[in-house]
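First comes the structure, then the notes that go with it.
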Amino acid sequence: MIVTIVAPPKHHQICTAHLQRELISLTQKYPMQTWTMKFNDLILESLKLAKRYKQVPKKEFDQIFLKLDKLLKLKINPK
């Protein structure tokens, strides 16, 4: 699976809404790829934490990074 990002990262950051749209599109195109929705859920969870970051214990932020690490280690089904 190849995902093309038009703007080079050093010049432009993809906004969360566009990233989520791409993830939803990938989920529809490749329904066997469960990581796309898991990543989207992780984004939503991160956004909720960000809204109250001053009250959130470091442990909760660490959990986000652990979940991201697990997602990044998942093998992608090429079908």
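The values are calculated or read from the model by the stated rules, or taken from the named source; none is laboratory data. Keep in mind that what you see is a predicted model, and the values were worked out from it rather than measured. Ideal geometry is used to build each Cβ from the backbone, glycine not excepted, and the neighbour counts take in all protein chains shown.
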### Query
Considering the stretch 61-79 alone, what residues qualify as being surrounded by 10 or more Cβ atoms within 10 Å (Cβ to Cβ), at pLDDT below 85, out of contact with any Lys or Arg (no Cβ under 9 Å at 6 or more places or on another chain) and not aromatic (Phe, Trp, Tyr)?
Ile76, Asn77
### Index of the failed condition, Ala7 passing every other in (1) modelled with pLDDT of 85 or more; (2) small (Gly, Ala, Ser); (3) not in a helix (DSSP H, G or I)
(1)
